[in-house]
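Data block below; observations after.
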Amino acid sequence: MKNLLLAVAFVLVSGCASITNDPMVPVALSFSNASSGKCDLSNKRGSWSSSIPNTVSIRRSDDHLQYRCRTKAGEEVTGSIPSTMGGKIVASAVFLDFGIVDSITDKHREYPASYVIPVPVSE
């Protein structure tokens, strides 16, 4: 009986825990040819528009961050920035709630702190 009460207490204490990541992550963006321009960014959690170079606050997501950009010279660039799994998810999975809450909210996902958008060299 004592073990059962201990097990129930453990489940109640750790049932809805989450790691402490903010839902938004800053990503510093620039073009490879050092030009300026504008980008439209999107993932399944939201859409953002920004001038480049700039640091944009992006909502964490488990899918790639898609970008569609245009430099001041008129060059169009499209692509994506991969999302990776942060190291804190391991601690969450082992010690807290098996990572369930963070898997639902994507707070365990990361985008790189800075990313250089490749612009092809025009001839």
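Would you confirm whether any residue within region 44-65 is surrounded by 14 or more Cβ atoms within 10 Å (Cβ to Cβ), of a type in the set (Asp, Glu) and at pLDDT 95 or above? There is no residue in region 44-65 that is surrounded by 14 or more Cβ atoms within 10 Å (Cβ to Cβ), of a type in the set (Asp, Glu) and at pLDDT 95 or above. Yes or no: LYS72 among the basic types (Lys, Arg), over 18 Å from ALA113 (Cα atoms), at pLDDT 90 or above and within 14 Å of the chain's Cα centre (by Cα)? No.
When restricted to residues that are closer than 16 Å to VAL116 by Cβ and hydroxyl-bearing (Ser, Thr, Tyr), region 27-50 contains 5.
Considering only region 80-90, I want to know if a residue exists there that is small (Gly, Ala, Ser), modelled with pLDDT of 70 or more and within 13 Å of the chain's Cα centre (by Cα). Yes, region 80-90 contains at least one residue that is small (Gly, Ala, Ser), modelled with pLDDT of 70 or more and within 13 Å of the chain's Cα centre (by Cα).
The values are calculated or read from the model by the stated rules, or taken from the named source; none is laboratory data. Every value quoted in this text rests on a predicted model; they were computed, and no experiment measured them. Here Cβ is always computed from backbone atoms with ideal geometry, including for glycine, and neighbour counts include all displayed protein chains.
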